Structures are given as C-alpha cells and as structure tokens.
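Scroll down for the structure; my scribbles are underneath it.
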Amino acid sequence: MTAVGTLACALGIGFVMQSSEISKHRYGSESEDDSRPAEQIDAGADQHEEVELGEAVQVQNITFTSAFSVPAMVVPTAEQAQPLVERHAGLLDAPRQRLDQVPIAESGCGSVVVASPEPGAFVKLTIMARCAPNARATIHHDALIFTQSVDENGKLEVLVPALSSTANFNIELADGEDLTTLVTVPDMEDVRRVVLQYSAGDGFELHAREFGAEYGAEGHVWRGSGSSPEDFKAGKGGYLTVLGARDLEDAHIAEVYSYPAALSARNGQIDLSVEARITEANCGRQVQAQSLELKADGHVSNRSISLNVPGCDAEGDYLMLNNLFEDLKIAAR
C-alpha cells in the first residue's frame, strides 16, 4: 500500500547557503560532477528566515506546497489486475522467465510493456513501441514519475526501484498510447528507500552519508560518487539510481537511494540531505521538488516543496536542505 498524503503544513526546514569558494576549498573543484561539502552554517529551522553568507545573495523562502505537479497515474481496477496476478503466480519460482511468462500489457500498433522482479526490490521494465521510434515515454510507479525515450527501434529497458510489493506501472507514450502492467515484488521488506524527484534543470541532488561518512569519502553516496550495485547486492552499502533523461525538455527526474537493510552488518544512521546547485537554468526562479520515503510499514510518505532560487549573481553556489528527509536508522542483521 502506498500513502501519498502531501504535507501542506507550515513546517520549518533547515537550509544552508554554501558558496562555491567553500566548495573549492573543501573539494578542490566547482565541477558539477565533483563531490562537495556541506559547510555547517547555522541557518535555523524557520523556513522564512533569510540566510546571508559573506557577499552572497540571500536565501529566499522554502515553502511546502499542496502537491508536486505531475500527471495522474492510471491504475488498473481489481478486475483488470486479476488476470495479470494469475499469470504472474509462478514467476517468483525462477529468477528468469521467458517473455510470454511475464505480465504484459499491450495496446495498439503492437506496443507492449514487460515487468519482471529483480533482486534488491527492483523491477525490470522493457517497453517495445515499434510504431514510435525515439518517442518520449513518461513512466509512473505509484507516486514515482520519470521521463525517458525509447530508442530508434522503439525499445526502452530500465531498472526501476520498487515502492510497493504489488507494483503498478503506467507508461504514457508521446503518441497518446497508455500501457499499464502489474508485478509482485517479493523482497520489499529487505530495503530502505527514499526518492527525490524534480524537473530537469532545477539543480537538485540527493545525498546520503552512511554511518558518519564525510562528504567525498567512502560512504557518501550521490549521483557523482559512482556507488556500486555489487556492494548493494552484497549488503555493503547503499546505491543511488538516477531515472530520467535530462536532455529531454521538461523531463521528470527521479533520484532513488536504496539501502539493503536486511543484509546490513552495521548499526547506525544514514544522514540524508538535498542540495540545489544555483545555475543559469534555475537562478532567480521558483523550483519544485518532491520527496518520497518508504516507511517500515510499507507506506510511502510524500512531501512537496517550492524553493525560490537566489539570483544569477550567486551562480555556482549551493543551497542545502537538511530536513526534507528523515535520516535512516539501520540495525545490523
């Protein structure tokens, strides 16, 4: 089950203004692909407080909003889903199945979507849209949304971190076709998972620092760290999946951090934070993001925010949002 009740209350959120000079001093680079520290400047927890760092412009308000603006997901009814469940009943007995043994949704012109469970509570999606080469595809899974495109042959294959044990997927193709499928994910209880989603160009980044890891060190997981899926499968560390194509206009991007809690040999805390890099694309305008947190009881909490980015004279600096996620508490198994 997924609960997506958005928090619309006026809760405070801590944030930090971090200059590019601090970044360069601590990391030696201002490159978007390099690791950067979080300079601990106390900004307080009041979302309406303005923070000033040296000559930098002031941080503007961070506001919780009623919802993250995304299209609605089409979910099959119980009657529509039952045939898929029946076809799927024997799937978990084997790690791989032939194409005709996996839940398939088909629409006009031969377009199909295939969903199969993978280790670590992932789902492998394969989309075939033979009549729509290079078409844009918007993929919904519960509250998760991202945008990619099929290749010149109309094919897209993507590994999606699941958010529920009975996982619904809806794919909207640019030509108006809708594909819907359902798959059972047997190992949802084995992982802890959080999601940051936003629009391409808005400059957000999700950071996880595992068990006291410093920025840039081993255990600091973000999209520039090259986290290892092998370590994740072995229970040695978390893994960040980035979904969505940034080169598509107004694409939905999702960053998903997963930790293999059932295999963890360590006790402690994973600190989660969000950074927003001030760029030419987002400076001086309002940007939105949404956090999703998979809870121990299987529910997903949902929080949406709106952030006024400082002006373009602060380009290269960062804003860090400290309290958008609850830090993960991990117990050794």
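The values are calculated or read from the model by the stated rules, or taken from the named source; none is laboratory data. Note that the structure is a prediction, hence the values are computed from the model and not measured. No Cβ is skipped: glycine too gets one built from the backbone with ideal geometry, and neighbour counts run over all protein chains shown.
Could you tell me which of the residues Ala137, Ala121 is of a type in the set (Gly, Ala, Ser), outside the structural domain of Leu243 (by TED's automatic domain parsing) and under 16 Å from His252 (Cα atoms)? Step through it out loud before you land on a result.
Working: Ala121 fails: under 16 Å from His252 (Cα atoms).
The conditions single out Ala137.
Looking at Leu182, Leu243, which one is farther than 19 Å from Glu326 by Cβ, surrounded by 17 or more Cβ atoms within 10 Å (Cβ to Cβ) and in the same structural domain as Gly298 (by TED's automatic domain parsing)? Outline the logic, then answer.
Working: Leu182 fails: in the same structural domain as Gly298 (by TED's automatic domain parsing).
Just one listed residue meets the conditions, Leu243.
Suppose we filter Gly238, Gly244, Gly203, Gly226 for residues that are in contact with a Phe, Trp or Tyr (Cβ under 6 Å, 6 or more places away or on another chain) and at positive phi; which single one remains? First the steps, then the outcome.
Numbers: Gly238 fails: at positive phi; Gly203 fails: in contact with a Phe, Trp or Tyr (Cβ under 6 Å, 6 or more places away or on another chain); Gly226 fails: in contact with a Phe, Trp or Tyr (Cβ under 6 Å, 6 or more places away or on another chain).
Going through Gly238, Gly244, Gly203, Gly226 in turn, the sole match is Gly244.
Residues to consider are Gly154, Gly176; find the one that is surrounded by 17 or more Cβ atoms within 10 Å (Cβ to Cβ), more than 16 Å from Ala251 (Cβ to Cβ) and in the same structural domain as Pro119 (by TED's automatic domain parsing).
Details: Gly176 fails: surrounded by 17 or more Cβ atoms within 10 Å (Cβ to Cβ).
Testing whether each residue is surrounded by 17 or more Cβ atoms within 10 Å (Cβ to Cβ), more than 16 Å from Ala251 (Cβ to Cβ) and in the same structural domain as Pro119 (by TED's automatic domain parsing) leaves just Gly154.
So that you can scan it fast, the table gives a plain yes or no per residue for (1) within 30 Å of Asn308 (Cα to Cα); (2) within 19 Å of the chain's Cα centre (by Cα); (3) of a type outside the set (Asp, Glu):
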| site | (1), (2), (3) |
| --- | --- |
| His141 | yes, yes, yes |
| Thr147 | yes, yes, yes |
| Ser164 | no, yes, yes |
| Phe169 | no, yes, yes |
| Ala217 | no, no, yes |
| Gly237 | no, yes, yes |
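Select from the stretch 247-277 the residues that are assigned to a strand (DSSP E or B) and among the acidic types (Asp, Glu) and list them in ascending order. Explain how you work it out, then say what you get.
Taking the stretch 247-277 as the starting set, the residues that turn out to be assigned to a strand (DSSP E or B) are 252-259, 268-277.
If the condition is that a residue be assigned to a strand (DSSP E or B) and among the acidic types (Asp, Glu), then Glu255, Asp271, Glu275 are the ones that fit.
Taking the criterion of being part of a strand (DSSP E or B), among the aromatic types (Phe, Trp, Tyr) and farther than 27 Å from Val309 by Cβ, would at least one residue in the stretch 193-208 satisfy it?
Going through the stretch 193-208, the residues part of a strand (DSSP E or B) turn out to be 193-199, 204-208.
Pick out the ones that are also among the aromatic types (Phe, Trp, Tyr) and you get 198, 204.
Subset that is farther than 27 Å from Val309 by Cβ: none.
No, the stretch 193-208 contains no residue that is part of a strand (DSSP E or B), among the aromatic types (Phe, Trp, Tyr) and farther than 27 Å from Val309 by Cβ.
Confirm whether Gly226 is small (Gly, Ala, Ser), under 14 Å from the mean Cα position of the chain (by Cα) and more than 26 Å from Asp313 (Cβ to Cβ).
Numbers: small (Gly, Ala, Ser): yes; under 14 Å from the mean Cα position of the chain (by Cα): no; more than 26 Å from Asp313 (Cβ to Cβ): yes.
Criteria not met by Gly226.
Where the second residue is among the basic types (Lys, Arg) and the first is over 13 Å from Val150 (Cα atoms) and lies in the stretch 244-256, which pairs have Cβ atoms under 8 Å and are six or more apart or on separate chains?
Hits for this filter: Ile253/Arg246; Glu255/Arg223; Val256/Arg193.
Of all the residues that make up the stretch 272-290, how many are farther than 10 Å from Leu206 by Cα and either surrounded by 21 or more Cβ atoms within 10 Å (Cβ to Cβ) or of a type in the set (Asp, Glu) (or both)? Reasoning before the result, please.
To start, the set of residues in the stretch 272-290 that are farther than 10 Å from Leu206 by Cα comprises 277-290.
Restricting the remaining residues to those that are either surrounded by 21 or more Cβ atoms within 10 Å (Cβ to Cβ) or of a type in the set (Asp, Glu) (or both) gives 277-278, 280, 282, 289-290.
The total comes to 6.
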